[in-house]
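*Asks:* The structure under discussion is supplied below as C-alpha cells; questions concerning it will follow.
The values are calculated or read from the model by the stated rules, or taken from the named source; none is laboratory data. Note that the structure is predicted; figures quoted are calculated from it, not measured. Here Cβ is always computed from backbone atoms with ideal geometry, including for glycine, and neighbour counts include all displayed protein chains.
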Amino acid sequence: MAISTRGAAFSVPKFPNPNPTALPISNASLPLRRRTTARLEKARSREASALSLAAINGGLGSLRGGGGAVLERPTFDQSQFDALPSVQEGGDIGTLSNRKGLGSGDSYKVLLIDDPRHTEKLVERALPRVVPSITTDVARKLFHESREKGVAVVIVTVKEHAEFYAQMMVRQGLRSAIEPDSDLAS
C-alpha cells in the first residue's frame, strides 16, 4: 500500500476549484494521479479478497474453522528439556553443622561467638530470621554450645552466603565470624 512519491515532488497540489467553469490550474499531474489511484484500487481489492477468503476458511487466525477472530493456543513440547537440576549440598541454604558437605574446599563455617550481651531469647529470635534452615530449638542449642565452648558452628556454606549470614547476625546483635571449613579439623 505504498504510494510512490516519484514525480510527486514536482506536481502542483490540486484543490477543489471554487469556480467550476474555470479551467483547472494544472493538467500535468493528471496521469500520475490516475496511475496512483489505479494502484490503490488494486491493493484494496487484493486486501478485500484476502479477508473474504480468510472469513470463508473459518475466521481470522483459525484454520480449523469455528469462531471469529479467536487465536488458538500454540502447542508446547516439553520433552526437549531436561528435568529440573538438583541442588548440591553446600549450595543455596548450606549444610547444618552436624552434616558433612561435599568437601569442595570452598565451604565456610558461620560461627556464633559467645558474648555476655547474648541472651537465650535474643539468639532464639535472631538466628531463625537470619538462617532459614535454623529452628528455635536448634538456635537454643547453639546458644548453650557457644556458652560452653566459646563458639558454635551455625552453618557450613559457600563463602558468599557465609559472609551474608555473618553480616545479618551482626545486624541482629549477635557476634559472628566466618572461617574456612577444613575436613582435617573435623
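*Asks:* Picking from Leu122, Leu111, Leu174, Leu142, which residue would you name as being touching a His at 6+ places or on another chain (Cβ under 8 Å), surrounded by 14 or more Cβ atoms within 10 Å (Cβ to Cβ) and modelled with pLDDT of 90 or more? So that I can check it myself, show each step before the final result.
*Replies:* On the way: Leu122 fails: touching a His at 6+ places or on another chain (Cβ under 8 Å); Leu111 fails: touching a His at 6+ places or on another chain (Cβ under 8 Å); Leu142 fails: touching a His at 6+ places or on another chain (Cβ under 8 Å).
None of the other options fit; the residue is Leu174.
*Asks:* Under 8 Å between Cβ atoms, which residue pairs at least 6 apart in sequence (or on different chains) link something in the stretch 136-157 that is part of a strand (DSSP E or B) with a partner that is of a type in the set (Phe, Trp, Tyr)?
*Replies:* Every condition considered, the pairs that remain are Ala152/Phe143; Val154/Tyr165; Ile155/Tyr165; Val156/Tyr108; Thr157/Tyr108; Thr157/Tyr165.
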